[in-house]
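What follows is one structure encoded as structure tokens, with my remarks underneath.
Where a number appears in this text, it was derived from the coordinates with a stated rule and is not lab data. Because the structure is a prediction, the values reported are computed rather than measured. Virtual Cβ from ideal backbone geometry, glycine too; neighbours counted across all protein chains shown.
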Amino acid sequence: MSQPDREFSYDSVADAFAAGIDDAPYNALYERPAMLGLLPPVDGQRILEAGCGAGWYTEQLLARGARVTAVDASAALVKHTRRRIAALPSVTCERADVRVADLRQPLTFAADGSFDGIVSALVMHYLRDWSTALAEFRRVLAPGGWLLFSTHHPMADAADLQDGDDYFDIVQMEDTWKDIGTVRFYRRSLTAIGDALAGAGLGIERIVEPRPTDAFRVARPDSYARLLRRPEFIIFLARPG
């Protein structure tokens, strides 16, 4: 029998997360290079960053000339992002709007068609129900807009299945990250991901299963071999159908 979901907020681990995430090999040397490799041109574009964390992608998008609205459900992480952006040249800061917003709720601050693209890096697996977030993404995207997001690879999460578990169930899982703390997220099947996107009127244009970089191999040779056998993350580029 599945257990009731337990509330999780990044507020509880925000400081440790912000202090260590940029040097974490799975982020810096694995997920981030793959995401940037798939990122459409953003110069002069209006970009929604859905789940900004400590602001690394916010800074990258601004550096590429985007006008960025960065949101996160964690007020503590929003503070970290604001500090990060405040350290940039003022002309760059002026292109950033960083605010608290929960993707489980309507994005009431955004008008229909107000963004050219949406970036959401390793965020969606914290939501049990994707319907509100994806419907809102579809609503706020302008014609020709796109959604780029990374999430846990179903193969990686399925490796933890126990006897009696159903791969097709959406189940909350728990993990403890060294030097950061305990986090909780949701396991879901590839079918569930595809159905959620289709249900929101978003068609998949590209799917990328990242390969670890040479720099990752040097930093984590043991994990490098494992990632070639079992990808940890999966990336989707989708557009309104």
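Distance distribution note for the chain: the fraction of Cα pairs above 23 angstrom is 49%. Among residues other than Q105 with Cβ under 12 Å from its Cβ, the summed charge is -2 (Lys and Arg +1, Asp and Glu -1). For the stretch 63-182, the relative contact order works out to 21 percent when only alpha carbon pairs closer than 8 Å and six or more residues apart are counted.
DSSP loop (so not H, G, I, E, B), at most 12 other Cβ within 10 Å: list which trypsin sites (Lys or Arg not before Pro) in the stretch 138-198 pass both filters. Mind showing how you got there, number by number?
Working: sites: R138, R139, K178, R184, R187, R188; in loops: K178, R188.
Sparse-neighbourhood loop trypsin sites (Lys or Arg not before Pro): K178.
One decimal place: the segment D160-A63 gains 31.1 nm when fully extended, by the rule 0.36 nm per residue minus the C-alpha distance. Its DSSP H runs of at least 4 residues, each contributing -39,500 (n - 2.57), put the calculated 222 nm mean residue ellipticity of the chain at -8500 deg cm²/dmol, to the nearest 500.
In the chain, what % of DSSP beta bridges are antiparallel (nearest 5)? Mind showing how you got there, number by number?
Values: 19 of 38 bridges.
Close to 50 percent.
Normalising the average separation of contacting C-alpha pairs (under 8 angstrom, six or more residues apart) by the number of residues puts the relative contact order of the chain at 21 percent.
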